[in-house]
Amino acid sequence: MSRVYNFSAGPSVLPESVLNKAAAEMLDYEGCGQSVMEMSHRSKVFQGIIDSAESLLREVMNIPDNYKVMFMQGGGFTQFACVPLNLGNKNKKADYVLTGQWATKAYKEAARYIDAKAIASSKDKTFSYIPKLDPDTFTKDADYFYICMNNTIYGTVYHELPQTGDVPLVADISSCIMSQPIDVSKFGLLFAGAQKNVAPAGVTIVIVREDLLGNAMDFTPTMLDYKTHADKGSLFNTPPCWQIYITKLVLEWIKNDIGGLEKMKERNEKKANMLYDFLDNSNLFKGTVAKEDRSLMNVPFITGNEEMDAKFVKEAAENGLVNVKGHRTVGGMRASIYNAMPVEGVEALVKFMADFEARNA
Ligand SMILES: *Cc1c(COP(=O)(O)O)cnc(C)c1O
């Protein structure tokens with residue numbers, strides 16, 4: 001067997017030990033004689049799995065008791081509608097910061113239901129930075145304030161949160177969940193599709209402050225009303241059982257093998273610094289993001305020459321470094337170095353880049 005280093009932005013690499021454990025338990029989960037793929041979601045065994053997934057998530061992310069955790073379906077995109085439908089029903093107003101495609105899509109979806117306001121944008125420079133925010137410009141009676149915390153396509157992240165006062169802060173953390181500690185109490189709601197840092201595509205984690213539940217718009221589909229899932233412990237209907245099981249395994253990996261989110265952050269910084277240091281000293285490659293806004297998870301870079309970029313992507317793949325092509329709307333390269341990317345993977349990438357540079361500069 002030969003595995004590649006997979007720098008895909010999502011779905012993306014999972015910890016090898018998790019894949020091995022899932023493989024070992026594939027036909028017989030803990031002596032129950034069935035695969036998790038086959039068992040009833042109403043069974044005791046599955047209840048044990050979803051309960052441990054939730055309690056591990058609460059422990060690892062240090063989630064306060066007045067927050068509900070839900071395992072939903074429909075990906076980040078469904079949350080773009082859920083957020084205004086559930087949280088935007090008081091004054092029907094919300095502020096959005098446009099830091100890339102995902103934030104913009106969320107904003108456009110919200111604008112179908114409420115008065116969504118784009119308070120700031122970094123579109124003028126291809127979303128290569130996080131705009132400086134002035135709280136005086138925020139809508140005082142907004143129902144919530146929305147950000148996309150880590151911008152997967154452009155490689156930026158908020159290192160400081162907007163000061164929204166009493167207005168609940170909502171964040172899409174799809175591509176940075178569990179990459180480092182986060183103070184959940186600063187947010188009204190957090191959500192993340194699993195396929196970047198948590199599990200295979202198909203489950204979406206939603207963490208919401210309890211007092212924000214129960215005020216969905218009348219026409220909200222039952223499945224998009226947070227209360228439906230919060231009241232039933234994410235078992236209103238059949239949940240994505242397998243994805244919840246892998247979530248549990250990944251959380252066990254973070255807790256037991258890595259040692260928690262502080263340690264995860266150290267590991268992620270080590271990886272990202274290796275790559276950024278190389279880019280800052282390279283004569284061929286350069287990073288595209290403002291230094292103070294650089295992501296730990298997604299690292300876009302270019303040579304400035306499209307043919308050279310294509311040559312690099314092709315040769316990297318031939319050397320077992322796959323999916324380093326940039327997003328189709330941006331071009332160049334992007335290395336996504338999520339939690340599960342081993343340090344050795346980034347070392348191999350940097351070594352190959354140095355090598356490529358020596359041959360092509
Ligand atoms: C990948 C991604 C999404 C899209 O999620 P889907 O599950 O495909 O709907 C949304 N937001 C961010 C930040 C992402 O990285």
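The values are calculated or read from the model by the stated rules, or taken from the named source; none is laboratory data. What you are looking at is a predicted structure, and each value in this text was computed from that prediction instead of being measured. Using ideal geometry, Cβ is built from the backbone for each residue, glycine included, and neighbour counts are taken over all protein chains shown. Just the protein is used for accessible areas: all its heavy atoms, side chains included, with ligands, DNA and RNA removed. Shrake-Rupley method; radii C 1.70, N 1.55, O 1.52, S 1.80 Å.
Within region 195-222, the set of residues being assigned to a loop (DSSP other than H, G, I, E, B) and within 16 Å of the ligand (Cβ to nearest atom) comprises 195, 196, 197, 198, 199, 200, 201, 202, 203.
Filtering region 11-27 to residues that are assigned to a loop (DSSP other than H, G, I, E, B), over 18 Å from residue 317 (Cβ atoms) and open to solvent by less than 40 Å² (accessible area, probe 1.4 Å) leaves 14, 15, 25.
Restricted to region 77-125, and to residues there that are acidic (Asp, Glu) and more than 16 Å from the ligand (Cβ to nearest atom), the residue that is farthest from residue 147 (Cα to Cα) is 124. Of everything listed in (1) within 16 Å of the ligand (Cβ to nearest atom); (2) of a type outside the set (Asp, Glu); (3) open to solvent by 10 Å² or more (accessible area, probe 1.4 Å); (4) in contact with a Phe, Trp or Tyr (Cβ under 6 Å, 6 or more places away or on another chain), the single unmet condition for residue 167 is (1). Does residue 2 satisfy the criteria of being among the polar types (S, T, N, Q) and at pLDDT 95 or above? Against the criterion (among the polar types (S, T, N, Q) and at pLDDT 95 or above), residue 2 does not qualify.
Can you find a residue in region 228-238 that is open to solvent by 20 Å² or more (accessible area, probe 1.4 Å) and either under 18 Å from the mean Cα position of the chain (by Cα) or not assigned by TED's automatic domain parsing to the domain that holds residue 62 (or both)? No, region 228-238 contains no residue that is open to solvent by 20 Å² or more (accessible area, probe 1.4 Å) and either under 18 Å from the mean Cα position of the chain (by Cα) or not assigned by TED's automatic domain parsing to the domain that holds residue 62 (or both).
Considering only residues of region 50-76 that are aliphatic (A, V, I, L, M) and part of a helix (DSSP H, G or I), which is farthest from the ligand (Cβ to nearest atom)? Ranking the qualifying residues of region 50-76, first place goes to 56.
Open to solvent by less than 20 Å² (accessible area, probe 1.4 Å), in contact (Cβ under 8 Å) with a residue 60 or more places away in the chain and within 20 Å of residue 266 (Cα to Cα) - does that describe any residue in region 144-151? Checked against the condition, which is being open to solvent by less than 20 Å² (accessible area, probe 1.4 Å), in contact (Cβ under 8 Å) with a residue 60 or more places away in the chain and within 20 Å of residue 266 (Cα to Cα), region 144-151 yields at least one hit.
Scanning region 250-262 for residues being under 18 Å from the mean Cα position of the chain (by Cα) and open to solvent by 50 Å² or more (accessible area, probe 1.4 Å) gives a total of 1. Taking the stated definitions as given, is residue 166 without any contact (Cβ under 8 Å) to a residue 12 or more places away in the chain and more than 23 Å from residue 335 (Cα to Cα)? Judged against the criteria, residue 166 is a match.
Within region 144-157, the only residue that satisfies the criterion of being away from the ligand (no atom under 12 Å from the Cβ) and of a type in the set (Ser, Thr, Tyr) is 144. Restricting attention to region 1-59 and to residues that are of a type in the set (Asp, Glu) and more than 21 Å from the chain's Cα centre (by Cα), the residue that is nearest to residue 260 (Cα to Cα) turns out to be 51.
Scan region 40-92 for residues that are over 19 Å from residue 25 (Cβ atoms) and open to solvent by less than 60 Å² (accessible area, probe 1.4 Å) and the total you get is 27. For region 273-299, a residue qualifies if it is of a type outside the set (A, V, I, L, M), open to solvent by less than 20 Å² (accessible area, probe 1.4 Å) and under 20 Å from the mean Cα position of the chain (by Cα), and the qualifying residues are 293, 295, 298. Taking every residue in region 279-301 that is free of Cβ contacts under 8 Å to residues at least 40 places away in the same chain and pairing it with any residue that is polar (S, T, N, Q), at least 6 positions away or on another chain, the pairs with Cβ-Cβ distances below 7 Å are 301/288. If residue 258 satisfies all but one of (1) more than 18 Å from residue 345 (Cβ to Cβ); (2) modelled with pLDDT of 95 or more, what's the number of the condition it fails? Going through the list (1) more than 18 Å from residue 345 (Cβ to Cβ); (2) modelled with pLDDT of 95 or more, residue 258 breaks only (1).
Within region 170-180, how many residues are closer than 12 Å to residue 297 by Cα and more than 10 Å from the ligand (Cβ to nearest atom)? Counting residues in region 170-180 that are closer than 12 Å to residue 297 by Cα and more than 10 Å from the ligand (Cβ to nearest atom) gives 3.
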